[in-house]
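First comes the structure, then the notes that go with it.
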């Protein structure tokens with residue numbers, strides 16, 4: 001009856017899938033990005049500690065961290081608790097079809113759990129006040145505002161930024177009496193971290209060996225498999241989530257991992273930098289911090305990845321103070337623009353450097369131009385698939401699909 | 001930081017910041033901010049189906065955690081106002097879904113949430129009999145009336161009031177009061193809020209006109225023609 005009754009998602013229909021497959025094969029993306037190019041990440045800090053809104057393109061996530069006193073788990077009596085909650089309902093309107101909703105929130109929750117809790121990124125022992133009696137329970141609420149693909153990265157970045165931004169009140173425990181100090185009495189204390197993990201998502205298609213990073217909803221839904229890798233700033237792997245039906249060889253996964261490691265490092269650097277800027281602003285503005293209201297209209301309080309990281313590359317040493325001035329005083333806006341303009345030509349090298357620097361595997365560093373190596377890899381993938389489908393063909397009538405694919409492959413070859 | 005006591009705080013809004021709903025708005029009044037989103041008419045579950053009108057679903061989500069009693073009350077207030085204003089006969093056997101997400105709570109969140117819902121309905125193109133606006137007002141310790149108070153001002157209050165009015169006849173759609181006050185004071189504050197609601201309606205008009213590409217001057221002219 002209604003067109004929107006099942007909340008139609010892009011990328012679920014067959015024509016859309018074949019369109020994306022074909023585009024990926026030609027090394028094109030619908031929004032004009034290259035296969036290893038990410039969308040810009042924007043951070044906005046709220047007025048309260050531990051409130052962060054992250055946007056990557058149209059994907060928007062709001063994260064809020066709260067804490068309260070509680071009893072520890074009996075198995076770990078000297079550790080605080082970290083609770084991660086994902087909220088998909090609400091303004092994102094993702095909750096209509098129950099099956100996908102459950103699946104989505106489960107995968108997202110488990111990714112966050114593995115990235116932050118299982119990898120022990122937050123020092124939970126420092127959250128213990130009295131063993132077996134009082135510990136801090138940290139609760140992270142991830143509210144999805146809008147879903148346009150790559151909810152994984154958006155929520156891990158938001159969670160990391162919120163946890164790093166968060167401060168808990170000071171507390172003393174003497175003579176069986178617990179005393180929690182207000183912000184006026186004693187300054188709030190930031191959480192302690194052992195390492196800083198962030199995730200990067202790749203999509204892999206049967207039609208091409210080249211994985212694409214930071215997929216939109218269209219690309220994500222049409223993907224044959226999605227790989228989510230979490231790395232910390234020391235470039236250690238924290239979690240790997242690879243699923244789907246596309247045959248992926250070890251090489252592809254290693255390629256993804258290498259790029260993801262550098263990307264994660266620069267993301268953590270970005271979050272740190274943004275936090276520094278936010279702190280300065282708080283010192284300057286006093287109680288005039290307008291928090292998340294800054295999301296509306298003016299872009300001054302949005303801290304964007306491209307802008308911050310490109311500034312840093314141009315002038316590594318005096319960057320922080322200068323940027324402060326540039327960001328805060330609107331009178332100097334022209335200068336900002338100038339810098340940006342200057343940045344344009346060099347962007348191609350510097351902007352993508354974090355992703356390219358370690359490159360794909362050393363053998364095919366220039367696989368960008370779809371030269372021989374990548375062709376080889378596609379044909380490899382193709383072979384693998386054919387073998388697979390042969391096996392399948394014995395059992396299931398999958399031949400139709402197979403012919404479809406081979407058709408499109410031929411077409412694409414002509415194009416190239 | 002002393003704000004005028006008989007003025008509304010500065011209002012801002014941004015239309016359609018979200019891509020996956022029929023209409024959405026980011027609305028702020030002073031430092032209080034919310035996101036509202038609407039979807040409709042959409043398919044309704046059979047248990048909620050009604051043959052002579054559409055079913056209204058209204059959810060309010062706090063910034064952290066699950067909705068508690070306080071949020072449920074707020075949600076009920078928004079739903080009550082919306083049900084009065086919604087032209088539900090236009091789409092029987094369907095559902096209208098309104099979601100409000102809190103961003104920052106810095107005072108008078110009840111009134112802001114109602115205004116946010118109204119703007120979301122307007123921009124989402126859902127049928128309304130009339131638009132509506134809510135105003136919050138308190139009596140502070142000195143017995144003064146403070147219109148649209150900030151959070152710092154609400155710490156010491158004798159009574160608080162929230163009124164919602166419709167745009168056509170100026171009827172009262174919602175009254176919420178808390179604390180002790182005299183009837184005369186109630187009447188005074190109702191007048192105060194009624195006049196303030198006119199300002200909010202003016203804000204709606206100018207913002208929607210701006211969004212749809214009409215300059216404010218022409219919007220005003222059209223208004224004069226109407227009256």
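The values are calculated or read from the model by the stated rules, or taken from the named source; none is laboratory data. These numbers come from a predicted model, not from an experiment. Positions of Cβ are generated from backbone atoms using ideal geometry, with glycine treated the same way; all protein chains shown enter the neighbour counts.
When B:64, B:76 are checked against the criterion of being touching a strand residue (DSSP E or B) at 6+ places or on another chain (Cβ under 9 Å) and either surrounded by 15 or more Cβ atoms within 10 Å (Cβ to Cβ) or at the interface with another protein chain (Cβ under 8 Å from one of its Cβ atoms) (or both), a single residue qualifies: B:64.
Looking at the structure I just gave you, is residue B:28 over 26 Å from residue B:87 (Cβ atoms) and surrounded by 24 or more Cβ atoms within 10 Å (Cβ to Cβ)?
Values: over 26 Å from residue B:87 (Cβ atoms): yes; surrounded by 24 or more Cβ atoms within 10 Å (Cβ to Cβ): yes.
Taking the combined requirement at face value, the residue satisfies it.
Within the stretch B:82-103, does at least one residue satisfy the condition of being part of a loop (DSSP other than H, G, I, E, B), farther than 27 Å from residue B:140 by Cβ and more than 10 Å from chain A (Cβ to nearest Cβ)? Write out each step before concluding.
First, the residues of the stretch B:82-103 that are part of a loop (DSSP other than H, G, I, E, B): B:87, B:91-94.
Okay, now just the ones that are also farther than 27 Å from residue B:140 by Cβ, so B:87, B:91-94.
Now drop any that are not more than 10 Å from chain A (Cβ to nearest Cβ), which leaves B:87, B:92.
Scanning the stretch B:82-103, I find at least one residue that is part of a loop (DSSP other than H, G, I, E, B), farther than 27 Å from residue B:140 by Cβ and more than 10 Å from chain A (Cβ to nearest Cβ), so the answer is yes.
For (1) part of a helix (DSSP H, G or I); (2) in contact with a helix residue (DSSP H, G or I) (Cβ under 6 Å, 6 or more places away or on another chain); (3) crowded, with 23+ Cβ neighbours inside 10 Å, each residue gets a yes or a no:
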{"residue": "A:104", "(1), (2), (3)": "yes, no, no"}
{"residue": "A:142", "(1), (2), (3)": "no, yes, yes"}
{"residue": "A:178", "(1), (2), (3)": "no, no, no"}
{"residue": "A:184", "(1), (2), (3)": "no, no, no"}
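Return the pair list, or none, for Cβ contacts closer than 9 Å from residues in the stretch A:284-313 that are within 11 Å of another protein chain (Cβ to nearest Cβ) and over 24 Å from residue A:183 (Cβ atoms) to residues that are crowded, with 18+ Cβ neighbours inside 10 Å and at pLDDT below 75, at least 6 apart or on different chains. Short answer, once both residue conditions are applied: A:295/A:301.
As a summary of the residue check, residue B:44 satisfies the conditions (1) at pLDDT below 90; (2) farther than 18 Å from residue B:88 by Cα; (3) more than 8 Å from chain A (Cβ to nearest Cβ) except for the one numbered (2).
Just one of (1) assigned to a helix (DSSP H, G or I); (2) in contact with a strand residue (DSSP E or B) (Cβ under 6 Å, 6 or more places away or on another chain); (3) in contact (Cβ under 8 Å) with a residue 40 or more places away in the chain; (4) surrounded by fewer than 22 Cβ atoms within 10 Å (Cβ to Cβ) fails for residue A:129. It is (1).
Touching a helix residue (DSSP H, G or I) at 6+ places or on another chain (Cβ under 6 Å), closer than 19 Å to residue A:71 by Cβ and assigned by TED's automatic domain parsing to the domain that holds residue A:230: which single residue out of A:122, A:171, A:135 fits that description?
On the way: A:122 fails: touching a helix residue (DSSP H, G or I) at 6+ places or on another chain (Cβ under 6 Å); A:171 fails: touching a helix residue (DSSP H, G or I) at 6+ places or on another chain (Cβ under 6 Å).
When all the criteria are applied, what remains is A:135.
The condition (being surrounded by 14 or more Cβ atoms within 10 Å (Cβ to Cβ) and either at pLDDT 90 or above or more than 9 Å from chain B (Cβ to nearest Cβ) (or both)) is satisfied by just one residue among A:89, A:46, A:32, A:11: A:11.
All conditions but one from (1) closer than 29 Å to residue B:193 by Cβ; (2) at the interface with another protein chain (Cβ under 7 Å from one of its Cβ atoms); (3) more than 19 Å from the chain's Cα centre (by Cα) apply to residue B:19; the one that does not is (1). Taking the stretch B:12-44 as the range and being touching a residue at least 40 places away in the same chain (Cβ under 8 Å) and not in a strand (DSSP E or B) as the test, the residues that pass are B:16, B:21, B:22, B:30, B:31, B:43, B:44. Residues that are closer than 30 Å to residue B:31 by Cα and surrounded by fewer than 19 Cβ atoms within 10 Å (Cβ to Cβ) are absent from the stretch A:250-261.
Conditions tested, residue by residue: (1) within 30 Å of residue A:52 (Cβ to Cβ); (2) in contact (Cβ under 8 Å) with a residue 12 or more places away in the chain; (3) in contact with a helix residue (DSSP H, G or I) (Cβ under 8 Å, 6 or more places away or on another chain); (4) surrounded by fewer than 22 Cβ atoms within 10 Å (Cβ to Cβ).
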position: B:6; (1), (2), (3), (4): no, yes, yes, yes
position: B:10; (1), (2), (3), (4): yes, yes, no, yes
position: B:52; (1), (2), (3), (4): no, yes, yes, yes
position: B:55; (1), (2), (3), (4): no, yes, yes, yes
position: B:100; (1), (2), (3), (4): yes, yes, yes, no
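Here residue B:70 clears all of (1) more than 9 Å from every other protein chain (Cβ to nearest Cβ); (2) surrounded by 14 or more Cβ atoms within 10 Å (Cβ to Cβ) except the condition numbered (2).
For the stretch B:124-137, the criterion of being within 14 Å of chain A (Cβ to nearest Cβ) and crowded, with 18+ Cβ neighbours inside 10 Å is met by at least one residue.
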